[in-house]
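> My structure is below; once you've seen it, I'll send some questions.
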Amino acid sequence: MITCSEFMAEFGNYLDNEVPTKVRQQLEDHVAQCRTCQVICDSTRKTVKIVTDSGSFDLPDAAAKPIVDRIMAKIRTEI
Amino acid sequence: MSYLQEVDLGGAFPPFASFQEHFGVVPNLFRAQSSLPRILQGEAEIIDAVLFKNWSLSRTQKEYILLAVGVAYRATYCVALHYQVLRSLGVPDHQLDQIVINHSKAAVSTPDAALLDFAIKLAMYAPWLSGDDIDALRNHGFNDESILEAILVTGLATFLCTLSTGLGPWPDFEPRACLASNDMSPPETGYVGGTGGPYLRTVERSPESFPPFAIFLERFGFIPNLFRAQTLRPDVLEAEVKLFGNVLGPKDFLSHVQKECILLVASGANLNTYCVADHCEMLRAMGVSMEESDQIVLDHHEADLSKETKALLDFVLKLAVRRSSIGNEDIANLRAHGFTEEHILETVAVTALNNFLNTLQMGLGTTPDVKPRHVYGLKDALVSLAEERPQERAQIDPDASLVARVKAGDLDAFEELVTRHSRRVHRTLVGIVGNVPEAQDAFQETFLKAFRHIGSFQGRSTFSTWLLTIASNTGLQCLRERKPLESFDDDHETEDEFHPRLVRAWANNPEQLYSEAERREIVERAVTMLPAKYRVVLVLRDIEQLSTGEAAVALNLGIPTLKSRLLRARLMLREALAPHFATSAKRMSL
């Protein structure tokens, strides 16, 4: 059985599905036994999903057109 | 800017001073190699001897060769550089444009046209080169000294093209489109195989009185015919010895066996019977059996090599076969196998040196020093040429046709690209710099840079990834200017391992606790509070959804560093979001 530190060392690759099957099995065995790592794993996955789906830092549609126009005006004066 | 990190060597560094004097600029190709000054010193010697010294050919004739070979190899970087040098030598643009489009129709003298035909045949179809091609030059009035010089300059051109393909420097001057090589096809008859000479006159030199030969004798146990054939130019032989010593001598990064394996595999890719035989011999002296060398050259994946060395040789094969282009992802792959900047630079330099030697050998037609176990024939050459044909990129870029229109001068097409990508670029920049006003300045700068440099975009990645790389660099520049408030470049991950503190379970569907606008505000606030070096990684990976390799390239980070920062960023963000989403959390007012 791997330790919590060993779990954390592979955790990033595990989140991104970049671990070999054998390692994955060891990580999942650990999570099944360790409540703390289970919570960290679950909440970090949820964090990534919330961030990815949040639409953060999007440019509002109304703001986009004037910015594009400004850039094109600058380029047209340059050439 | 190139694939590798640069070190400031200052303008007084002698090779740079020499390049400044003779090129009018310190080309980015050489700045990209600043992490190993010894390599630059070796290169400066050979460039000085072959290109800058006045001997038989004029500098203009030599630059014509460099330009024409650059075009044939589609080496955009080299074409831009030599085009500019020729301009500064007084050659009018229309004449240069003709060489770039089709050298055979360029308004150059008949002997110069013959010289370019010869150089391009040597660079592209060396195994077909024969004594007849040498005689054709003699008939145009070139003597053996000037033919040797033409061969050396062509070798130098392949050296520089290989370096530029492997290092990806930003062009020093406005890039020119290279279309000519599309129409070239191999000669139908006259395959020689590179050992039909020696073609040129030589001068007797002995190791007792000529130091380069003493060095060859000591290192190899014999004086290779390839060097005996260049005795008309003792100064070049001295520079070659210096270059070999500086590139191949040290073993502080790549080992001697690794370097010989690179030379062996790259010579095999160039179907060079002579060089393959010599490198098998070198490896034998290092304890690698002939059978093992045969396996390496035939298929290194089946050889008894570490997986790292196999990855290295994959890269070398791609780089040595002249029309294959290297992209950021190839460099990221080497880093992922544990290779440092210096390893990668040495690999590119050894491969470039190999192409230089392979070209010289076929141009001189020297006979093998040792009996070859492999003799490459016409069939090998035709198979290799078929594989070399530029292939359609597997990755289809939805912006490709707009990019082509922009390159042809269509501004409306660029406006369409700006509109298409404005949201992504904006998100990236606000995420990286952490506030909207600064992001908007960087936004404008990103698109202006993209417009100015679109000529150098070669489609190695999609346009969208290329643009995000520019955006990331622009955003990072803002952060660097803000130092010491926020540090991105701190590469020492010295902090203790990050230990999550909040271990209370989260709600089953945490996103349902808040409205979309509220969630967005919570996330934006939390992301903005992350330290810059973690924030930028998270923005590119989890908000922009770049792959690990793409994000590593965009941020010029090694993959292990990128991964460790990403995990840290996600864990920190998790702590910041926990008060909002953990099961015991009350719905917080914002």
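> Scanning the stretch B:541-557 for residues that are open to solvent by 20 Å² or more (accessible area, probe 1.4 Å) and small (Gly, Ala, Ser), which turns out farthest from the chain's Cα centre (by Cα)?
The selected residue is B:547.
> Moving on. State all residues of the stretch A:52-79 that are in a helix (DSSP H, G or I), at the interface with chain B (Cβ under 8 Å from one of its Cβ atoms) and open to solvent by less than 40 Å² (accessible area, probe 1.4 Å); if no residue qualifies, say none.
A:64, A:67, A:68, A:71, A:72, A:75
> Does residue A:40 satisfy being over 13 Å from residue B:500 (Cα atoms) and either of a type in the set (A, V, I, L, M) or in a helix (DSSP H, G or I) (or both)?
For residue A:40, the condition - over 13 Å from residue B:500 (Cα atoms) and either of a type in the set (A, V, I, L, M) or in a helix (DSSP H, G or I) (or both) - is not met.
> Separate question: Give B:362, B:282 a once-over and let me know the one that is open to solvent by less than 50 Å² (accessible area, probe 1.4 Å), within 21 Å of residue B:248 (Cβ to Cβ), in contact with a Gly (Cβ under 6 Å, 6 or more places away or on another chain) and part of a helix (DSSP H, G or I).
The conditions single out B:362.
> In the stretch B:507-540, how many residues are more than 10 Å from every other protein chain (Cβ to nearest Cβ), assigned to a loop (DSSP other than H, G, I, E, B) and over 35 Å from the mean Cα position of the chain (by Cα)?
The qualifying residues number 1.
> Can you work out which of the residues in the stretch B:1-27 that are open to solvent by 30 Å² or more (accessible area, probe 1.4 Å) and either aromatic (Phe, Trp, Tyr) or touching a residue at least 40 places away in the same chain (Cβ under 8 Å) (or both) is nearest to residue B:169 (Cα to Cα)?
Filtering the stretch B:1-27 for residues that are open to solvent by 30 Å² or more (accessible area, probe 1.4 Å) and either aromatic (Phe, Trp, Tyr) or touching a residue at least 40 places away in the same chain (Cβ under 8 Å) (or both), the one nearest to residue B:169 (Cα to Cα) comes out as B:1.
> While we're on this one: What tally of residues in the stretch B:98-120 results from selecting those that are touching a residue at least 24 places away in the same chain (Cβ under 8 Å) and open to solvent by 50 Å² or more (accessible area, probe 1.4 Å)?
3
> Then there's this: Have a look at B:7, B:25 and point out the one that is closer than 28 Å to residue B:334 by Cα and aliphatic (A, V, I, L, M).
B:7
> So, residue B:436, is that one open to solvent by 10 Å² or more (accessible area, probe 1.4 Å), facing chain A (nearest Cβ under 10 Å) and either in contact (Cβ under 8 Å) with a residue 24 or more places away in the chain or of a type outside the set (Lys, Arg) (or both) or not?
Here the answer is yes, as residue B:436 does meet what is asked.
> Then there's this: Quick check: is even one residue across the stretch B:256-276 touching a helix residue (DSSP H, G or I) at 6+ places or on another chain (Cβ under 7 Å), farther than 22 Å from residue B:341 by Cβ, in the same structural domain as residue B:307 (by TED's automatic domain parsing) and open to solvent by 40 Å² or more (accessible area, probe 1.4 Å)?
No, because not a single residue in the stretch B:256-276 is touching a helix residue (DSSP H, G or I) at 6+ places or on another chain (Cβ under 7 Å), farther than 22 Å from residue B:341 by Cβ, in the same structural domain as residue B:307 (by TED's automatic domain parsing) and open to solvent by 40 Å² or more (accessible area, probe 1.4 Å).
> Is it the case, given these coordinates, that residue B:309 is buried (at least 24 other Cβ atoms within 10 Å of the Cβ), among the hydroxyl-bearing types (Ser, Thr, Tyr) and in a helix (DSSP H, G or I)?
no
> Every residue in the stretch A:31-41 that is open to solvent by 60 Å² or more (accessible area, probe 1.4 Å) and facing chain B (nearest Cβ under 7 Å), please.
Correct list: A:36 only.
> So, one more: If residue B:344 satisfies all but one of (1) at pLDDT 95 or above; (2) farther than 24 Å from residue B:148 by Cβ; (3) surrounded by 24 or more Cβ atoms within 10 Å (Cβ to Cβ); (4) touching a helix residue (DSSP H, G or I) at 6+ places or on another chain (Cβ under 6 Å), what's the number of the condition it fails?
Residue B:344 satisfies every listed condition except (3).
> Moving to a separate point now. Which condition does residue A:28 not pass, out of (1) exposed (fewer than 11 other Cβ atoms within 10 Å of the Cβ); (2) more than 9 Å from chain B (Cβ to nearest Cβ); (3) over 13 Å from the mean Cα position of the chain (by Cα), if it passes all the others?
Going through (1) exposed (fewer than 11 other Cβ atoms within 10 Å of the Cβ); (2) more than 9 Å from chain B (Cβ to nearest Cβ); (3) over 13 Å from the mean Cα position of the chain (by Cα) one by one, residue A:28 breaks only (1).
> Counting only residues that are more than 9 Å from chain B (Cβ to nearest Cβ) and outside any helix (DSSP H, G or I), how many does the stretch A:1-25 have?
Result for the stretch A:1-25: 6.
> Now, a different point. Report, by residue number, each residue of the stretch B:49-88 that is open to solvent by 30 Å² or more (accessible area, probe 1.4 Å), of a type outside the set (Lys, Arg) and free of Cβ contacts under 8 Å to residues at least 24 places away in the same chain.
B:54, B:58
> Restricting the search to the stretch A:37-79, which residues are of a type in the set (D, E, K, R) and within 21 Å of the chain's Cα centre (by Cα)?
A:42, A:45, A:46, A:49, A:53, A:58
The values are calculated or read from the model by the stated rules, or taken from the named source; none is laboratory data. It should be emphasised that the depicted structure is a prediction, and the values quoted were computed from it without experimental measurement. Methodologically, a virtual Cβ is constructed for each residue, glycine included, from the backbone with ideal geometry; neighbour enumeration extends over all protein chains shown. Note: accessible area is taken over every heavy atom of the protein model, side chains too, but ligands, DNA and RNA are not part of it. Shrake-Rupley method; radii C 1.70, N 1.55, O 1.52, S 1.80 Å.
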